[in-house]
1. Quick one: helix 404-413 against the long Cα principal axis of the chain, what's the angle to the nearest 10°, folded into 0 to 90?
2. Note the full-extension length gain between THR164 and LYS432 as 0.36 nm times their separation in residues minus their Cα-Cα distance, in nm to one decimal.
3. Going 7 Å from the Cα of LEU76 toward and past its Cβ, which residues in the range 34-65 have a backbone nitrogen under 11 Å from where you end up?
4. Provide, for q = 0.06, 0.10, 0.12, 0.14 Å⁻¹, the log10 of I(q)/I(0) from a solvent-free Debye sum over equal Cα point scatterers in the chain.
5. For labels at ASN309 and ALA173 in the simple 7 Å Cα→Cβ model, what's the distance in nm?
6. What are the lysines whose alpha-carbon lies under 17 Å from the alpha-carbon of LYS258, with same-chain residues fewer than 8 places away excluded?
7. What's the tally of Lys pairs in the range 354-453 whose alpha-carbon atoms lie under 19 angstrom apart, where the two lysines are 8 or more places apart or on different chains?
8. Distances longer than 21 Å among the Cα atoms of the range 133-224: what percent of all pairs is that?
Amino acid sequence: MQLNIIPKPNKAEFFGGEVWIKDLPVRYETNDLHPEEFYCLEIKKDEIVITAKGEKGKYYAHLSLSQLEEAGKAPLMKITDMPAFPYRGFMIDSARHMQTVDEIKRYIEAAARYKMNIFHWHLCDDQGWRIESERHPLLNQKGSWRDCHGFGSKNMQRYGGYYTKDEIRDIVAFCKERFIEVIPEFDLPGHTTAIISTYPELSCRGAQVPVETVGGIFKNILCAGNDEVLKFCYDIIDELCELFPYPFMHIGGDEAPKARWCNCEKCQQRIKDEGLENEEQLQGWFANKIIAYLKEKGYTALAWNESLNSGIIDGDTVICDWMDRGNKCVPYANGGGKIIIEDFYHYYLDYVYGMTPLKKTYSYNPYLDGLTEQGKKNVLGVETPIWTEYIEDFDRMSYMCFPRLIAVAERGWTEPDKADYNSFKVRVKNQKDFLASLGITLCHESEWDPNALIRVKESVGRLIKSITPASIMATVFPNVDEK
Ligand code: ACM
Ligand code: ZN
């Protein structure tokens, strides 16, 4: 029998017959033996019984119950359910384009309904610094602003802003009520033009650069040979720790071209002093300094998969596989390291449906090929990012993310062998009214899985949009340091 619940519960037993559930009394039972996220939901003729260890399990039971209530009647049954993965994340890029606090809350509200439990907040990048800093207020005066609104668009309005500490605390509290932990990302050492535009002395060349106004990969990165850079990073981390009470912090590590480091006396001196083999290891060394600082404060670092390139990254780091396709991440997990799956080709929601159809997203199995039984246990879960270079407003963001975010949520909760795309498609259509109540437009069914012609057209269009001279140079010649 098909239940109108997303994510699909892992076990449901039916006893025949139906009941109107709206006015049935709910009784709670506590069972300490179950994991925190486990719940049992029994629909009986005269009552509903929810069994859980504590508040989290109860919350998930009510999320399932509220979806059943929308249909009015429910079968007499017993749902016994807990997630396949402990980490079920969504990422919002608020650096390239910001969302209002209200929009972020509406997005969170939707993700919460599908039992997602991690909000990874990408708060700083080449195109803007979005965190209020009391220790470095200049970041907000300079690094939070750029000279153009849209990337490559004709809107040349100055664009920017940042979230105040009170706004950040408000969002963290909103998440807490929904059992969602918030992980901030402080992307290092690349994607740091907003910092360097404010403090040029933290880059290798010390040259003044503007906050970027186009997307891409940029060669001006933080100087890893300068102790002042580490001091600056520790300062920011101190401020982040005050705002984000959960034990994880994302330290980026993606797309850091080494051109500047190759030609920087300080970076080269650091390589010598620390007995490192090359610039890749310098990135590993730099990351490990940050990771050690976080550890002192009780935090575990998350980092993008490029962080494995050095071969020396601290093995407690949780690696987010976005572009590795399991190459280094699978051996890392098999060897005991924790990983999160957020594959570019399946889970990146800023790419059009023509490139990433709903079925492709839904069908991706987070248990990558090559994982041993032990390795599978080290897959903490899944995450789906929305990068916002080309997502300028909440309507576009909603259309791109829904229903694909819901597909990732289901794959994070429902055991792989119970995933069922056809059933998912039926259930997801029923989400339209709920999402509309949050001002979220569900992408129309006719666009979920486009035909081959549309796929080619949309894919080419999207790729052309994101190719810039800077990204070509940085991608094709990452180590060429043009004068
Ligand atoms: C990434 O998309 N650069 C992590
Ligand atoms: Zn340097």
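The values are calculated or read from the model by the stated rules, or taken from the named source; none is laboratory data. All of these numbers come straight from a predicted model, not from anything done at the bench. Using ideal geometry, Cβ is built from the backbone for each residue, glycine included, and neighbour counts are taken over all protein chains shown. When the accessible area is computed, the model is the full protein with side chains, heavy atoms only, and any ligands, DNA or RNA have been set aside. Shrake-Rupley method; radii C 1.70, N 1.55, O 1.52, S 1.80 Å.
1. With rounding to tens, the tilt is 70 degrees.
2. Numbers: separation 268, 0.36 × 268 = 96.48 nm, distance 3.27 nm.
My answer for the length gained is 93.2 nm.
3. 43-47
4. The Debye formula, applied to the Cα set alone, gives -0.28, -0.76, -1.08, -1.43.
5. The answer from the label model is 4.2 nm.
6. The reachable lysines, counting only those whose Cα sits under 17 Å from LYS258, are LYS219, LYS266, LYS272, LYS483.
7. So the count works out to 9.
8. Above the 21 Å cut-off, the range 133-224 has 44 percent of its Cα pairs.
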